[in-house]
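**Student:** Before I ask anything, here is the structure I am working with.
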Amino acid sequence: MIIAEILSYPFLARALMVGFLISVSSSLLGVSLVLRRYSMIGDGLSHVGFGALGIASLLSLSPMAVTLPVVVVASFLLLRLSERRSGGDSAIALLSSSALALGVAAVSIGGVNTDLNAFLFGSILSVSKSDAWISFGVSAVTIFSYLVFYHQIYASTFDPVFARATGMKCERYTNLLAVLTSLVIVVGMRMLGSMLISSLLIFPALSAMKVAKTYLRVSVIAVAESVSAFLIGFILSYALSLPTGASIVIVHMCFYLLMMAAGWWMRKARTSV
Amino acid sequence: MELIKGDDITIGYDGEPVVSHLTFSVRSGDYLCIVGENGSGKSTFVKTVLGLIPPLSGQVVFSPSLRPDSIGYLPQKSMIQRDFPSSVMEIVLSGCLNRHRRLFGYSREERDKAESIISRLGLDKLSSSSFQELSGGQQQRTLLARALMATERLLLLDEPVTGLDPQATAELYSIIRKLQEDGITVMMVTHDIHPALNDADMILHFSHTGYYFGSRDEYFRTEPGLKFLKEAGHDHS
């Protein structure tokens, strides 16, 4: 009933579709990012995205046209930084907070027309028609390339040395992951907020790893978790008038705790047999 | 037939030579043990043979029948994440990605081959088990199966028994010996004297002052060979 009500508003139906696609792509990418210990990169990218968004709104430029290239470039920079043996994590932290500061400054110079809250924590209202089409395209590309390169991404995540030794160009897949992650962050950021988008990458993978022990199962469960958390969070946010991003992340958190308990219970059941 | 050959090559990192004027060759069917103290060039040698770093001078020459990217490599265990969620089957199948051409998924032949290798290494019952829940010996056999999936001609094993208990160690050595008897060429980096003493035909010994390359019997009459025996408690002189 409540779903029919949501679908009767075109802007909500649009947001629902965009969010659904983003949930699928972000959970797939998240599995590889978490296993490669790149979780911080997702976080850094969302801060850079916020900075770019702030500046775009100050200069009255198209938000997507500015944030997309900036975040893609930043993703390569962050990857290189994270591979540095020392100081990589602090460099990422510095870059994140600098981008955030620039964004906040830009938004406040911009003044009354921009809503800082919506930038930081997302807003359903911000999904315009053209955004929806871009999101649709980006998610389709992400999901398609992930499925085509699924085995290669798996192999270069599990054991990059072996993959390289048998002639695989691992850097290609790392770069592919970086670009896809940037795309998903930029597209998802406006609805979920730049502070919360990185949890969409990390929560599904972490939750799935609590209960599943093979790569395929982790991927499938991550997608299922991500989609369900999104739908439940979206409906809750509509019913209780909560910010969408926050209510989705709260549902993710509940799922994570549940799966942690399930994993603990499964281990206990196995050892007691 | 020579599979891999190096003639007067110098290997090292970033222009810093680790081993100079190295001449060696691996013939088809050989069992070569690569031994020597830490930091003497064993890992540098492995990386050079795998093509991960270029030699500083000279060239590692592969027989035309052996593609340089089809060496069955078993990396050092420390390089793999222990908590990675993956089934045995997923890991073994990933060994054939170097020749994989399909857009989606693995072919029937690839799956059949993986299954036959899995049962050859006695992992039948574990093929859908999770890697992180296997014993150390089973994990190494899984990675060995992946190496066989990449090639059935040449295995390069980097300290395969590190961290295994004596029984699992003996089991793994016997599997490797059997594979070599079936015609697979074996190159193995090891700290353990037993495979060098019992199974190898050829020895490549690295030390900070130079290297030895030659037959096993000869090696255990040279000074580094005798020293290795003595350190391992096999000094019967």
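**Student:** Under the classification rounded if a/c is under 1.5, otherwise prolate if a/b is larger than b/c and oblate if not, where does the range A:157-273 fall, given a ≥ b ≥ c as square roots of the Cα gyration tensor eigenvalues?
**Tutor:** Taking the square roots of the gyration eigenvalues as a ≥ b ≥ c, the range A:157-273 is oblate.
**Student:** Quick one: compute a quarter of the convex hull surface over the Cα atoms of the protein assembly as shown and quote it in nm².
**Tutor:** 28.2
**Student:** I've got another one for you. If you take each beta carbon of peptide B:96-105 and count the beta carbons of other chains within 10 angstrom, what is the mean?
**Tutor:** Mean partner shielding for this stretch: 4.
**Student:** So, one more: Which value at 222 nm does chain B reach when only helices count, each DSSP H run of 4 or more adding -39,500 (n - 2.57), with the total divided by all residues and rounded to the nearest 500 deg cm²/dmol?
**Tutor:** Calculated at 222 nm, the ellipticity per residue is -9500 deg cm²/dmol.
**Student:** On the first, second and third principal axes, largest extent first, how far apart are the outermost C-alpha atoms of the range B:1-103 in Å?
**Tutor:** Here the Cα extents, ordered largest to smallest, are 43, 32, 27 Å.
**Student:** While we're looking at this one, here's another question. Shape of the range A:2-272 from its Cα gyration tensor (a ≥ b ≥ c, root eigenvalues): rounded if a/c is under 1.5, otherwise prolate when a/b > b/c, or oblate?
**Tutor:** Note, shape of the range A:2-272 comes out oblate.
**Student:** Excluding same-chain residues fewer than 8 positions from residue B:125, which lysines have a Cα within less than 26 Å of its Cα?
**Tutor:** A:210, A:213, A:268, B:77, B:113, B:178
**Student:** Cross-link partners among aspartates and glutamates for residue A:169, C-alpha distance below 18 Å, same-chain residues fewer than 8 apart left out?
**Tutor:** A:83, A:159, B:69
**Student:** Let me ask something else about it. Counting Lys and Arg as +1 and Asp and Glu as -1, what is the net charge of the other residues whose Cβ lies under 10 Å from the Cβ of residue A:128?
**Tutor:** +2
**Student:** If I model a spin label at residue A:62 and residue B:115 as a point 7 Å from the Cα along the Cα→Cβ vector, what separation in nanometres do I get?
**Tutor:** Computed distance between label sites residue A:62 and residue B:115 equals 5.2 nm.
**Student:** Then there is this: Add +1 for every Lys or Arg and -1 for every Asp or Glu among the other residues with Cβ under 12 Å from the Cβ of residue B:175, and state the total.
**Tutor:** Within the 12 Å Cβ shell, the charges total 0.
**Student:** Using a Förster distance of 51 Å, how high is the FRET efficiency between residue B:170 and residue A:257, based on the Cβ-Cβ distance and rounded to 0.05?
**Tutor:** 0.65
**Student:** Okay, moving on. DSSP loop (so not H, G, I, E, B), at most 10 other Cβ within 10 Å: list which chymotrypsin sites (Phe, Trp or Tyr not before Pro) in the range B:1-78 pass both filters.
**Tutor:** Passing both the DSSP loop test and the Cβ count: no residue.
**Student:** Given the rule -39500 (n - 2.57) for each run of at least 4 DSSP H residues, summed and divided by the residues of chain A, what is its mean residue ellipticity at 222 nm, to the nearest 500 deg cm²/dmol?
**Tutor:** About -28500 deg cm²/dmol.
**Student:** For an R0 of 45 angstrom, estimate the FRET efficiency from the Cβ-Cβ distance between residue B:27 and residue B:103 and round to the nearest 0.05.
**Tutor:** Once rounded, the FRET efficiency stands at 0.70.
**Student:** Over all Cα pairs of the range B:80-150, how is the pair count split among 10 Å bins, expressed in % and running from 0 up to the last occupied bin?
**Tutor:** For the range B:80-150, the binned pair fractions read 22, 56, 22, 1 percent.
**Student:** If you don't mind, there's one more thing I want to ask. Can you classify the range A:1-110 as rounded, prolate or oblate using the Cα gyration tensor, where a ≥ b ≥ c are the square roots of its eigenvalues, rounded means a/c under 1.5, and otherwise it's prolate if a/b beats b/c and oblate if not?
**Tutor:** Because a/c hits 1.5 or more and a/b fails to exceed b/c, the range A:1-110 counts as oblate.
**Student:** Tell me the Kirkwood hydrodynamic radius of chain B in angstroms, computed as one over the mean inverse distance between distinct C-alpha pairs.
**Tutor:** Result for chain B, one decimal place: 18.6 Å.
**Student:** Something else now. Below 8 Å, C-alpha to C-alpha, sequence gap of six or more: please give me the relative contact order for chain A in percent.
**Tutor:** 30
**Student:** Using a simple spin-label model with points 7 Å from Cα along the Cα→Cβ vector, what separation in nm is obtained for residue A:145 and residue A:80?
**Tutor:** Rounded to a tenth, the inter-label distance reads 1.9 nm.
**Student:** At most 13 other Cβ atoms within 10 Å and a DSSP loop assignment: could you name the trypsin sites (Lys or Arg not before Pro) in the range A:36-122 that fit?
**Tutor:** Of the trypsin sites (Lys or Arg not before Pro), the ones in loops of the range A:36-122 whose Cβ has at most 13 other Cβ atoms within 10 Å are A:37, A:84, A:85.
**Student:** Considering only DSSP states other than H, G, I, E and B, which chymotrypsin sites (Phe, Trp or Tyr not before Pro) in the range B:77-141 qualify as loop sites with at most 12 other Cβ atoms within 10 Å?
**Tutor:** Of the chymotrypsin sites (Phe, Trp or Tyr not before Pro), the ones in loops of the range B:77-141 whose Cβ has at most 12 other Cβ atoms within 10 Å are B:104.
Any read-out appearing in this document is the output of simple, stated calculations on the displayed coordinates, not a laboratory observation. On a predicted model such as this, the values are computed, not experimentally measured, just so you know. Note that we place each Cβ from the backbone using ideal geometry, even for glycine, and neighbour counts take in every protein chain shown.
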